[in-house]
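Colleague: Okay, here's the structure, questions in a sec.
The values are calculated or read from the model by the stated rules, or taken from the named source; none is laboratory data. Since this is a predicted model, take the numbers as computed values, not measurements. Glycine also receives a Cβ, built like all others from the backbone with ideal geometry; neighbour counts cover every protein chain displayed.
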Amino acid sequence: MRKLIVNADDFGLHPAINAGIIKGSREGFITSTSLMCSGDAFEDAVLQAKATPALGVGIHLTLVGGGKPLLQARQLRTLVDESGLLPADYTVFAKRWYAGRIKKTEVISELQAQLERGLSCGLQITHVDSHQHLHVLPGIVDIVLKLCSEFGIKKIRMPQEGWFWRGGFNSSAGRLIGREGLSFCSALAKMKARQAGFVYPQYFFGMLAGGNLNEFLVGEIIKNLPDGVSEIMTHPGMDAESLETTFSWQYHWEDELNAFLSEKNKCLLEQQKVTLINFGGL
């Protein structure tokens, strides 16, 4: 039997992202999302999620992205820059983390604050993942597994995409290298997660083509889903013009949304006899 979780990341980051995720859940086949507890649109996301009970909601732990942390900058002097902002991306974070320039206590404090906010917002939290998959990095994964266990969260994303999976996406060499590195970290993290009693989808899609999914690419994933539970990660949104002026990621938010509203892809799910679930169904 093939089961599929479609998880939209960055819920709570921006109202246009929230709107896209909710539309994709109500009118399409987005089944799950992960809530950015330090995001500027957190309260809006919570309100909309409460009005969309079929949508599973997890917590999107955030230590990178160039935004503000949840705690005050003075509490995170080694984690944030002089402007009080988090590292721009996982490569910047990793260099500082493995050079010993970021205090472990600050990482723990910020992640704990995010988990506490997510768990106290009135939603049933289904799982944990993270911005730019930072939760699978060696050293960070141990912190995340310990904190999640303490808070009673035992379901987690493991972003290990198939080594040879392309799915019709014409990738750059840089994307391929980044994907292989994170998939390797995920393979190591899986062993620790299993030992700690966590569960996760067996298969993962959407890393190589992250921010670039469209109707065709999602259709190729559906056609090639293996038996078991798979997760597709997506980044849908509405009002792409507004998002493009706010973020420099060059994501195709509306194309990603339309891929999961697509009647063609809905038909493919039926033809392939795919059962849609969220992390609560693991």
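Colleague: Which members of region 66-83 meet the condition of being without any contact (Cβ under 8 Å) to a residue 24 or more places away in the chain and surrounded by 15 or more Cβ atoms within 10 Å (Cβ to Cβ)? Please lay out each step first, then the result.
Modeller: Let us first name the residues in region 66-83 that are without any contact (Cβ under 8 Å) to a residue 24 or more places away in the chain, namely 66, 72-74, 80-83.
If the condition is that a residue be without any contact (Cβ under 8 Å) to a residue 24 or more places away in the chain and surrounded by 15 or more Cβ atoms within 10 Å (Cβ to Cβ), then 73, 80 are the ones that fit.
Colleague: Specify the residue that is farthest from residue 215 (Cα to Cα); the eligible residues are those in region 244-282 that are assigned to a helix (DSSP H, G or I), under 18 Å from the mean Cα position of the chain (by Cα) and of a type in the set (A, V, I, L, M).
Modeller: Looking at residues that are assigned to a helix (DSSP H, G or I), under 18 Å from the mean Cα position of the chain (by Cα) and of a type in the set (A, V, I, L, M), I get 257.
Colleague: Do you know which residues across region 191-207 are crowded, with 18+ Cβ neighbours inside 10 Å and either among the polar types (S, T, N, Q) or more than 14 Å from the chain's Cα centre (by Cα) (or both)? Can you show your working first?
Modeller: So the first thing to find is which residues in region 191-207 are crowded, with 18+ Cβ neighbours inside 10 Å, and the list is 193, 198, 200-201, 203-207.
Across region 191-207, the qualifying residues are 193, 198, 203.
Colleague: Name the pairs whose Cβ atoms lie under 6 Å apart, with the first residue in region 1-13 and closer than 18 Å to residue 158 by Cβ, the second among the small types (Gly, Ala, Ser), and 6 or more positions between them or separate chains?
Modeller: 4/230; 5/32; 7/32; 9/34
Colleague: Within region 167-181, take every residue that is more than 20 Å from residue 6 (Cβ to Cβ) and in contact with a helix residue (DSSP H, G or I) (Cβ under 9 Å, 6 or more places away or on another chain) and give me the one that is surrounded by the fewest Cβ atoms within 10 Å (Cβ to Cβ). Give the steps one after another, and end with the answer.
Modeller: Here is the first cut: in region 167-181, the ones more than 20 Å from residue 6 (Cβ to Cβ) are 170-178, 180-181.
Filter once more, so that each one left must be in contact with a helix residue (DSSP H, G or I) (Cβ under 9 Å, 6 or more places away or on another chain): 171, 178.
Values: 171: 15, 178: 19.
The extreme case among them is 171.
Colleague: Out of the helices (runs of 4 or more DSSP H) lying entirely within region 42-129, which hold 1 or more residues that are in contact with a Pro (Cβ under 8 Å, 6 or more places away or on another chain) and within 30 Å of residue 26 (Cβ to Cβ)?
Modeller: In region 42-129, the matching helices (runs of 4 or more DSSP H) lie at 42-50.
Colleague: Residue 17 versus (1) at pLDDT 95 or above; (2) surrounded by fewer than 22 Cβ atoms within 10 Å (Cβ to Cβ); (3) more than 17 Å from residue 125 (Cα to Cα): which is the lone unmet condition?
Modeller: Going through (1) at pLDDT 95 or above; (2) surrounded by fewer than 22 Cβ atoms within 10 Å (Cβ to Cβ); (3) more than 17 Å from residue 125 (Cα to Cα) one by one, residue 17 breaks only (2).
Colleague: Then there is this: Could you tell me which residue of region 208-243 is surrounded by the most Cβ atoms within 10 Å (Cβ to Cβ), considering only residues that are part of a strand (DSSP E or B) and of a type outside the set (Val, Ile, Thr)? First the steps, then the outcome.
Modeller: Residues of region 208-243 that are part of a strand (DSSP E or B), as a first pass: 228-234.
Within this subset, residues satisfying the condition of being of a type outside the set (Val, Ile, Thr) are 228, 230-231, 233.
Working: 228: 11, 230: 22, 231: 28, 233: 24.
Result: 231.
Colleague: Return the residues of region 33-46 that are over 10 Å from the mean Cα position of the chain (by Cα) and closer than 10 Å to residue 121 by Cβ; say none if nothing qualifies. Break it down stepwise before answering.
Modeller: From region 33-46, those over 10 Å from the mean Cα position of the chain (by Cα) are 37-46; that's our starting set.
Those that are over 10 Å from the mean Cα position of the chain (by Cα) and closer than 10 Å to residue 121 by Cβ: 37, 42, 43, 45, 46.
Colleague: From 103, 50, 95, 146, which residue is closer than 21 Å to residue 198 by Cβ, charged (D, E, K, R), modelled with pLDDT of 95 or more and over 18 Å from the mean Cα position of the chain (by Cα)?
Modeller: Working: 103 fails: closer than 21 Å to residue 198 by Cβ; 50 fails: closer than 21 Å to residue 198 by Cβ; 95 fails: closer than 21 Å to residue 198 by Cβ.
On inspection, the qualifying residue turns out to be 146.
Colleague: Within the set of pairs 6+ apart or on separate chains, which have a first residue in region 97-117 that is farther than 17 Å from residue 84 by Cα, a second that is modelled with pLDDT of 95 or more and of a type in the set (Asp, Glu), and C-beta atoms under 9 Å apart?
Modeller: Qualifying pairs under 9 Å: 112/150; 115/150.
Colleague: Kindly provide the set of residues from region 79-92 that are touching a helix residue (DSSP H, G or I) at 6+ places or on another chain (Cβ under 6 Å) and modelled with pLDDT of 95 or more, ordered by number.
Modeller: If the condition is that a residue be touching a helix residue (DSSP H, G or I) at 6+ places or on another chain (Cβ under 6 Å) and modelled with pLDDT of 95 or more, then 79, 80, 84, 87 are the ones that fit.
Colleague: For residue 183, indicate whether it is at pLDDT below 95, among the small types (Gly, Ala, Ser), under 17 Å from residue 132 (Cα atoms) and within 16 Å of the chain's Cα centre (by Cα).
Modeller: Details: at pLDDT below 95: yes; among the small types (Gly, Ala, Ser): yes; under 17 Å from residue 132 (Cα atoms): yes; within 16 Å of the chain's Cα centre (by Cα): yes.
Yes.
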